[in-house]
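Below: one structure, written as structure tokens.
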Amino acid sequence: MADITPVLKAVVPAAGLGTRFLPATKATPKEMLPIVDKPAIQYVVEEAVDAGLSDVLMVTGRSKRSIEDHFDRAYELEEALRAKGDAERLDAVHESSDLAIMHYVRQGEPRGLGHAVHCARQHVGHEPFAVLLGDDMIDARDKLLRRMIEVRNQFGGSVIALMEVEPDQVSAYGCAAIEPTDEDDVVRISDLVEKPSIEEAPSNWIIIGRYVCDPAVFDVLEKTPPGRGGEIQLTDALRTLADMPAEQGGGVYGVKFRGRRYDTGNKLEYLRTVVQFAAERPDLAPEFMPWLREFVRDQDASGES
């Protein structure tokens, strides 16, 4: 029988150096780069809360203090806005500080996603938990994490989010070998490969940045040696769990996600995300979209790309 211990906690690894966005990330965490007027990390925490996970542990590094400040109260700013009668901006400031019960732990050195997740062990204890990566944003209208928790409750074990990509994209992600179940959107994971070549890839279903992990993952991570890139890979630990019996916390399942995902891990995708979000904002779209269309027409007319 599946372990139905409820999933109540979320872990958000946010200790990376953000080198792809230098020099912007020299002093500002990549996770704090804004998607229009809200930092990307807030969207991730909002997703966790929407799925019923209001206990959020952020795994940070020594240069990430501004993340903690963002989710904390800002009394001087609040008083200034209150004195001006600026209720709209005051509500926006309160939104982040009232969002969730936030906890923080530092990853002493960047040793990979698996190591970052292992840093959450003391806080999580013996409970299942969700892991949300800040580079992957899931549209709030697509309840992926809720579905993953449902699958965990039904099957037990651990659950990963999968998305189908073109074969030439698999080498940038972890890739899954899958077997069908009685649920159309759920598969059983028989193998996982971190960033395989096209020839080595077991499928074109990649792992995207959402996981629901059985607490057995901590013991496995403790024994997992550094893998690709000299880092401790969560993918390697999940591969071990896939071969373990259910009574020991084993078994890994995948949810096939066909919704809206925004990858903010590189500059081009980040820019696309900002444009998409601005285009759907009722306060911005009426002016932004006509300008964008005119800009594209002018670029086409001038022959610039």
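Give just the number: which of (1) at pLDDT below 90; (2) in a helix (DSSP H, G or I) does PRO226 not satisfy?
Tallying (1) at pLDDT below 90; (2) in a helix (DSSP H, G or I), PRO226 fails exactly one: (2).
Identify the residue in the stretch 229-253 that is among the small types (Gly, Ala, Ser) and modelled with pLDDT of 90 or more and, among all such residues, is nearest to LEU132 (Cα to Cα).
Initially, the stretch 229-253 is screened for residues among the small types (Gly, Ala, Ser), giving 229-230, 237, 242, 246, 249-251.
Narrowing further to those that are modelled with pLDDT of 90 or more: 237, 242, 246, 249-251.
On the way: ALA237: 17, ALA242: 20, ALA246: 24, GLY249: 20, GLY250: 20, GLY251: 20 Å.
Checking each candidate, the answer is ALA237.
Within the stretch 203-210, is there a residue that is crowded, with 20+ Cβ neighbours inside 10 Å, over 18 Å from the mean Cα position of the chain (by Cα) and in contact (Cβ under 8 Å) with a residue 24 or more places away in the chain? I'd like the intermediate steps shown before the answer.
Restricting attention to the stretch 203-210, the residues satisfying the condition of being crowded, with 20+ Cβ neighbours inside 10 Å are 205-210.
Filter once more, keeping what is over 18 Å from the mean Cα position of the chain (by Cα): none.
Taking every residue of the stretch 203-210 in turn, none turns out to be crowded, with 20+ Cβ neighbours inside 10 Å, over 18 Å from the mean Cα position of the chain (by Cα) and in contact (Cβ under 8 Å) with a residue 24 or more places away in the chain.
Among VAL117, VAL59, which is under 20 Å from THR28 (Cβ atoms) and surrounded by 14 or more Cβ atoms within 10 Å (Cβ to Cβ)?
VAL59
How about the stretch 41-56: which of its residues are at pLDDT 95 or above and of a type in the set (Gly, Ala, Ser)?
ALA48, ALA51, GLY52
Would you check which residues across the stretch 249-283 are part of a loop (DSSP other than H, G, I, E, B), open to solvent by 30 Å² or more (accessible area, probe 1.4 Å) and within 30 Å of GLY156 (Cβ to Cβ) and list them? Give the steps one after another, and end with the answer.
Taking the stretch 249-283 and keeping what is part of a loop (DSSP other than H, G, I, E, B), we get 249-251, 257-260, 264-266, 280-283.
If we keep only those that are open to solvent by 30 Å² or more (accessible area, probe 1.4 Å) too, we end up with 258, 260, 266, 280-283.
Within the stretch 249-283, ARG258, ARG260 meet the criteria.
Test GLY156 against the stated conditions and say whether it is at positive phi, of a type outside the set (Phe, Trp, Tyr) and open to solvent by less than 40 Å² (accessible area, probe 1.4 Å).
yes
The values are calculated or read from the model by the stated rules, or taken from the named source; none is laboratory data. In this text, all values refer to a predicted model and were calculated from it rather than measured experimentally. Quick reminder, even Gly has a Cβ in these numbers, built from the backbone with ideal geometry, and neighbours come from all protein chains shown. In case anyone asks, the SASA skips ligands and DNA or RNA and just uses the protein heavy atoms, side chains included. Shrake-Rupley method; radii C 1.70, N 1.55, O 1.52, S 1.80 Å.
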